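Each remark here refers to the structure printed beneath this line.
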Amino acid sequence: MKQVQWSNWSGSVRANPRTVLYPASIAEVEKVVRMCRQEGRRLRVVGSGHSFTPIAASEDCLISLDRMQGLVHVDAEARTATVWAGTKLKLLGELLFRQGLAQENLGDIDVQSIAGAISTGTHGTGRAFGNISTQVVGMAVVTGTGEVLECSGESHPDWFKALQVSLGTLGIIVQVTLRLEPAYKIEYESRRIPLGECLKQQARLAEENRHFEFYWFPYAEPCQIKLMNKSDQELREHRIKDYISDVLVENTFFGLISELCRKLPKASPYVSRLSASQVPLGRKVNYSHRLFATRRLVRFNEMEYNIPAESMNAVIEEMREEMSRNKYHVHFPVECRYAKGDDIWLSPAYDRDSAYIAIHMYKGMPYEDYFSAMEHIFLRYGGRPHWGKMHHLEAAQLKELYPMWEAFSAVRQELDPDGILLSDYTGRLLDVSGPISDSFSDIG
């Protein structure tokens, strides 16, 4: 038990929890929950701190599941694996690979814990694939009353749909059972084409490729498209070339020019055009878990919204017009991805095939005007915010975006009747309050 200052990855949120705990077993998690309930304290669980909102922050009791990582059980015949909830996605990929298995899709960052990823609706790209939560077939959860719940779509269908994306407000996920597939290789290809051409082709590219995404550089004409498809080819790695592109160009060099933009914001459009011209191009083949994610050493703040897939072009055009009118100091690319609709109650992709648009701003640069202007556009198209990324919505607005909002609230009341798993932030999101007050430092 120790007291520390906690910060998320980007540095946008800081908290000073009274207590930080590192349980190593389900029994220890139960004990902590019961203690907090008896003493009227609040409890939040943190994974890797990769959310840009205060969703994991607590000024009271903070639990890390870093000591609960690894495989619990693998069923090779059923192609499922039960894993400890604190397992980081990068480690999980390697552990599953040793068993001849892989997740069907991943996001472009793999440092999150599996529980954190599913609790916030983390996703990758691909029209045939839902977010990571759709891969979950079962969970073990310590509820807000300190009871251990084994939950699946068959045993507790309503609770399960609420738990698949729960914001950490229904219970502490301690184990996750995933539906998997045999380990597979993918061929990755990076191209550079004009944005106008990309928008003409994007629907076809999303349909024809297992995974497709594109990066649009504000104030620049070229954009980067990334295509990934299953492959039977031999591994094709270029260690020196990959180091140059992935580390030196996309991180070291980009970090230096980002610092230039922070000190000289008016340089941002020129830097954006320079970045677009230096996009690493080419192909490589490797196992899926080694290619989905990219290394992120340059820190930033991020907003991401889910919109109906068919609205992608219209939203991008409105964003371009807004940027042209107001000349925001932005040099980070806009990331555009796709996801299959699902039936998870608080999933941003609930009941619709979706596109995701993410905007970024280098750490230390003002982002509020840019993010707010883009958010207004997203909302005009029925946008739903990513739960782990910056947005300005509260319960009254969110309720209108999620048809199963009231059903989720009812499950939350059942599983955490005393609200010990709430913070002020999550309480505002869900329009409920807990037993004591939290305050967080948003340092931008």
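The values are calculated or read from the model by the stated rules, or taken from the named source; none is laboratory data. This one's a predicted model, so the numbers in the text were calculated from it and none came from an experiment. Neighbour counts run over all protein chains shown; Cβ positions are idealised from the backbone, glycine included.
Looking at (1) within 25 Å of LEU195 (Cβ to Cβ); (2) in contact with an Asp or Glu (Cβ under 6 Å, 6 or more places away or on another chain), which is the only condition VAL285 fails?
(1)
If GLU250 satisfies every condition in (1) free of Cβ contacts under 8 Å to residues at least 40 places away in the same chain; (2) crowded, with 16+ Cβ neighbours inside 10 Å but one, which is the exception?
Going through the list (1) free of Cβ contacts under 8 Å to residues at least 40 places away in the same chain; (2) crowded, with 16+ Cβ neighbours inside 10 Å, GLU250 breaks only (1).
Check every one of the strands (runs of 3 or more DSSP E) wholly within the range 189-298 and list those with 3 or more residues that are more than 14 Å from PRO333 (Cβ to Cβ). Spell out how you get there, then give the answer.
Details: elements: 211-216, 222-231, 282-287.
Where strands (runs of 3 or more DSSP E) fall fully within the range 189-298 and carry at least 3 residues being more than 14 Å from PRO333 (Cβ to Cβ), they are 222-231, 282-287.
Regarding ARG37, is this residue over 15 Å from TYR425 (Cα atoms) and among the charged types (D, E, K, R)? Can you show your working first?
Values: over 15 Å from TYR425 (Cα atoms): yes; among the charged types (D, E, K, R): yes.
Yes.
May I ask you to list pairs of residues, at least six apart or on different chains, whose Cβ atoms are under 7 Å apart, with the first in the range 64-84 being hydroxyl-bearing (Ser, Thr, Tyr) and the second being assigned to a loop (DSSP other than H, G, I, E, B)?
SER64/TYR22; THR80/LEU180
Just one of VAL111, VAL142, VAL174, VAL137 is out of contact with any Cys (no Cβ under 7 Å at 6 or more places or on another chain), hydrophobic (A, V, I, L, M, F, W, C), in a strand (DSSP E or B) and surrounded by fewer than 20 Cβ atoms within 10 Å (Cβ to Cβ); which is it? Write out each step before concluding.
Working: VAL111 fails: in a strand (DSSP E or B); VAL142 fails: surrounded by fewer than 20 Cβ atoms within 10 Å (Cβ to Cβ); VAL174 fails: surrounded by fewer than 20 Cβ atoms within 10 Å (Cβ to Cβ).
Exactly one of VAL111, VAL142, VAL174, VAL137 is out of contact with any Cys (no Cβ under 7 Å at 6 or more places or on another chain), hydrophobic (A, V, I, L, M, F, W, C), in a strand (DSSP E or B) and surrounded by fewer than 20 Cβ atoms within 10 Å (Cβ to Cβ), namely VAL137.
Does SER372 count as within 23 Å of PRO218 (Cβ to Cβ), among the polar types (S, T, N, Q), touching a residue at least 12 places away in the same chain (Cβ under 8 Å) and surrounded by fewer than 19 Cβ atoms within 10 Å (Cβ to Cβ)? Give the derivation first.
On the way: within 23 Å of PRO218 (Cβ to Cβ): yes; among the polar types (S, T, N, Q): yes; touching a residue at least 12 places away in the same chain (Cβ under 8 Å): yes; surrounded by fewer than 19 Cβ atoms within 10 Å (Cβ to Cβ): yes.
Against the criterion (within 23 Å of PRO218 (Cβ to Cβ), among the polar types (S, T, N, Q), touching a residue at least 12 places away in the same chain (Cβ under 8 Å) and surrounded by fewer than 19 Cβ atoms within 10 Å (Cβ to Cβ)), SER372 qualifies.
For the range 221-243, which positions are surrounded by fewer than 17 Cβ atoms within 10 Å (Cβ to Cβ) and under 17 Å from LEU274 (Cα atoms)?
The one that is surrounded by fewer than 17 Cβ atoms within 10 Å (Cβ to Cβ) and under 17 Å from LEU274 (Cα atoms): GLU221.
Can you tell which of GLU213, GLU234 is farther than 22 Å from SER324 by Cβ, of a type outside the set (A, V, I, L, M) and within 19 Å of the chain's Cα centre (by Cα)?
Details: GLU234 fails: within 19 Å of the chain's Cα centre (by Cα).
Only one candidate passes the filter, namely GLU213.
Which ones in the range 72-92 are crowded, with 22+ Cβ neighbours inside 10 Å and out of contact with any Ser or Thr (no Cβ under 6 Å at 6 or more places or on another chain)? Explain how you work it out, then say what you get.
Within the range 72-92, the first condition is being crowded, with 22+ Cβ neighbours inside 10 Å, and the residues that meet it are 81, 83-87, 89, 92.
If the condition is that a residue be crowded, with 22+ Cβ neighbours inside 10 Å and out of contact with any Ser or Thr (no Cβ under 6 Å at 6 or more places or on another chain), then ALA81, VAL83, TRP84, ALA85, THR87, LEU89, LEU92 are the ones that fit.
Take the conditions outside any loop (DSSP other than H, G, I, E, B), out of contact with any helix residue (DSSP H, G or I) (no Cβ under 6 Å at 6 or more places or on another chain) and at pLDDT 95 or above and apply them to ARG352. Does it pass? Steps first, please.
Values: outside any loop (DSSP other than H, G, I, E, B): no; out of contact with any helix residue (DSSP H, G or I) (no Cβ under 6 Å at 6 or more places or on another chain): yes; at pLDDT 95 or above: yes.
Answer is no for this residue.
Pull up the range 15-37, narrow it to residues that are closer than 12 Å to LEU62 by Cβ and of a type outside the set (A, V, I, L, M, F, W, C), then point me to the one that is surrounded by the fewest Cβ atoms within 10 Å (Cβ to Cβ).
Restricting to residues being closer than 12 Å to LEU62 by Cβ and of a type outside the set (A, V, I, L, M, F, W, C), the top hit is ARG18.
Within the range 9-64, which residues are within 18 Å of the chain's Cα centre (by Cα), of a type outside the set (Gly, Ala, Ser) and assigned to a loop (DSSP other than H, G, I, E, B)?
Correct list: TRP9, HIS50, PHE52, THR53.
Only residues in the range 314-326 that are within 14 Å of GLY382 (Cα to Cα) count as the first member; pair them with residues that are in a helix (DSSP H, G or I), Cβ under 7 angstrom, at least 6 apart or cross-chain, and list the lot.
That search, which allows pairs on different chains as well, returns VAL315/ILE377; VAL315/PHE378.
Considering (1) over 30 Å from GLN201 (Cβ atoms); (2) among the basic types (Lys, Arg); (3) in contact with a Leu (Cβ under 6 Å, 6 or more places away or on another chain), say which one ARG384 fails and leave the rest.
Failing condition for ARG384: (1).
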